[in-house]
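Following: one structure in structure tokens, then a few remarks.
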Amino acid sequence: MKRAAEHRFEEIVPDANMSAFLRSMCEDYNALTETIDQTSKVHFPPNAQKRLRRFTASEASELIGVSTRYLGMIADEIELETERDGRNARSYSLSDMNTLRNALAEKAGYDTPKGIGYMPRRRDGDPMRVVALSNFKGGSAKSTTAIHLAQHLALRGYRVLLLDLDPQGSASAMFGVPPEKTDDDATSYAFLRSEDPRPISEVALKTYFEGLDLVPGGRSLSYWEFDAPRVSVEAKYHQGQLLSRVAELKERLSSGLLNIEQSKNVKAEIENLQQEVRDLWFDRAYFARLSWALQDVKDDYDIVVCDTAPNLGYVTNAAMFAADHLVVTIHPQWLDCESMAQYLYTYLRQQQEFEQAMTSISGANYEVAKSLHYLITRHDTNSSPEALVIGMLRNHLSNVLHNVMVKSSAIAEAGTYQQSLYEADRGRFTRKTFERVMEAMKAVNQEIEHIITSSWGRK
């Protein structure tokens, strides 16, 4: 996957009619983007292509769940050609690991517990699962968690779709897709919009992580924050007009003044109008739009990971409504806890209205199995106040994940090179620092993975 061409940012030329305030903002934008552009040319040349590093034999064996020696034996058995270094030590690409997983699962029996352990992707009868990372307060490591979770799942052998639903597009940038240069037809907005929506399958991009596809975010997603309410209100108004017409026709039908042919025509018109009313729910129920759009790829992926914007806007609500598992990220500080209380109140009220609306559409009580979990992030393990906040959260909130994401300079440093911890060169970091944060990241991702596989009935 290649980066965008040489000039990444669009310069804004100050308009003569601009106010002094907007002119100042324009100048700041141009100065900042020019600096970012020049820096990017140094670290990420225009034709640079991101590639996933190879994994050592010990890393590969840990991800697959066998000993290093046995992994080598299977590689020889299936005649898999792997790279070796000067010491004759093997290294494996993600493609190599997936080939080995298939061989091991076939050997053990694809649908046996052992086979599922080697190749854990969903089996027949297991539905695709949607995980949404959410919080309407910025700085809670939501995007960082979404990126690392999606990559962890791909490294484990799942087929993963990462939906970047944030106009900032941080997750997209991490995968080498600059959001500021991504066309509207190539972002998540393309399948959310009302006019000429595109199927998700036409928008999803292959990434350099085998088994991990991406639908980019970008500025255009903010358009839907204005578009969705407009379309919803127009649909509600149109429904009202149609239902009034239906009521008139039913009154005529019950008057007894129509002959057989007239009654037949009126009944046909009522049926057509009622179908129009049902069709308009697609525009009115904007919050269900992502759920409906995902039906296009329900057979293509095991898990969908949604990175949402730091708000409870229309796009975020659509993601949260579609989610089978909602993971709310929390920075363990008191102000964030107060923000969390407001978040839960707002979310509760909104989802209550959405479920009532779906009941109106379906004609029966709308109820769907969802799970809600809280993930503590950016935790400074040396902070006593944070430890107290975590204790309070565990005492008063249900389903707080056992594992926490620790605060580490390694995550920020890797991000400077637009890399995740899974991609980064370990040699750049102090060994103890890197191992500590990787252990925490692994534990968090495994716990979320367990939540997903438990919903498939696995132990």
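The values are calculated or read from the model by the stated rules, or taken from the named source; none is laboratory data. These numbers were taken from a predicted model, which means no experiment stands behind them. Neighbour counts run over all protein chains shown; Cβ positions are idealised from the backbone, glycine included. Calculation scope for accessible area: heavy atoms of the full protein, side chains included, ligands and nucleic acids excluded. Shrake-Rupley method; radii C 1.70, N 1.55, O 1.52, S 1.80 Å.
With a cut-off of at most 11 other beta carbons within 10 Å, and DSSP calling the residue loop, which trypsin sites (Lys or Arg not before Pro) in segment 91-140 qualify? Please list them. Spell out each step's value before the answer.
Values: sites: Arg101, Lys107, Lys114, Arg121, Arg122, Arg123, Arg129, Lys137; in loops: Arg121, Arg122, Arg123, Lys137.
Here no trypsin sites (Lys or Arg not before Pro) fit, given the DSSP loop and packing criteria.
Tally Lys/Arg at +1 and Asp/Glu at -1 over every other residue whose Cβ is under 12 Å from the Cβ of Ser455; what's the total? All intermediate terms of the calculation are to be shown ahead of the outcome.
Values: positive: Arg122, Arg129, Lys370, Arg458; negative: Asp126, Asp302, Asp324, Glu449.
Net charge around Ser455: 0.
May I ask you to give the solvent-accessible area per residue for the chain, in square angstrom, as obtained with a 1.4 angstrom probe? Spell out each step's value before the answer.
Values: 23170 Å² over 459 residues.
Result: 50 Å² of accessible area for each residue.
Counting only protein heavy atoms, what percent of the accessible surface of the chain is carbon or sulfur at a 1.4 Å probe? Numbers along the way, then the final one.
Numbers: 11830 of 23170 Å².
Its accessible area is 51 percent carbon and sulfur atoms.
With q set to 0.07, 0.09 Å⁻¹, the log10 of I(q)/I(0) for the chain, from the Debye formula over equal scatterers at the Cα positions, is -0.44, -0.70.
Applying 1/(1 + (r/R0)^6) with R0 = 56 Å to the Cβ-Cβ distance of Asp300 and Glu251 gives a FRET efficiency near 0.70.
With contributions of -39500 (n - 2.57) from each DSSP H run of at least four residues, the per-residue ellipticity at 222 nm computed over the chain stands at -16500 deg cm²/dmol.
Among residues other than Ser172 whose Cβ falls under 11 Å from its Cβ, what is the net charge (Lys/Arg +1, Asp/Glu -1)? With Lys, Arg at +1 and Asp, Glu at -1, the neighbours total -3.
Here the extension length gained between Phe226 and Ala89 equals 43.7 nm, from 0.36 nm per residue of separation less the Cα-Cα distance.
For the chain, the longest stretch holding no GluC sites (Glu not before Pro) located in a DSSP loop with at most 15 other Cβ atoms within 10 Å is which?
Values: sites that count: Glu6, Glu10, Glu11, Glu79, Glu81, Glu195, Glu367.
After excluding every exposed loop site, the longest remaining stretch is 196-366.
The stretch between Ala341 and Asp425, if pulled fully straight at 0.36 nm per residue, gains 26.3 nm over its current Cα-Cα span. When the charge dipole of segment 198-276 is built from unit charges on Cβ atoms (+1 for Lys and Arg, -1 for Asp and Glu) and taken about the Cα centre, the candidate among Ser254, Phe209, Ala235 whose Cα reaches farthest toward its positive end is Ser254. Using the Cβ-Cβ distance between Asp279 and Lys370 with R0 = 25 Å, the FRET efficiency computed as 1/(1 + (r/R0)^6) comes to roughly 0.40.
Restricting to DSSP loop positions (anything but H, G, I, E, B) with no more than 11 other Cβ atoms inside 10 Å of their own Cβ, which chymotrypsin sites (Phe, Trp or Tyr not before Pro) remain in segment 411-459? All intermediate terms of the calculation are to be shown ahead of the outcome.
Working: sites: Tyr417, Tyr422, Phe429, Phe434, Trp456; in loops: Tyr417, Tyr422, Phe429, Trp456.
Sparse-neighbourhood loop chymotrypsin sites (Phe, Trp or Tyr not before Pro): none present.
Taking amide hydrogens as placed 1.01 Å from N in the peptide plane, the amide H of Phe55 sits under 5 Å from those of Tyr92, Ser93, each at least 5 positions away in sequence or on another chain. Between the beta carbons of Phe21 and Leu243, assuming R0 = 35 Å, the FRET efficiency works out to 0.15 to the nearest 0.05.
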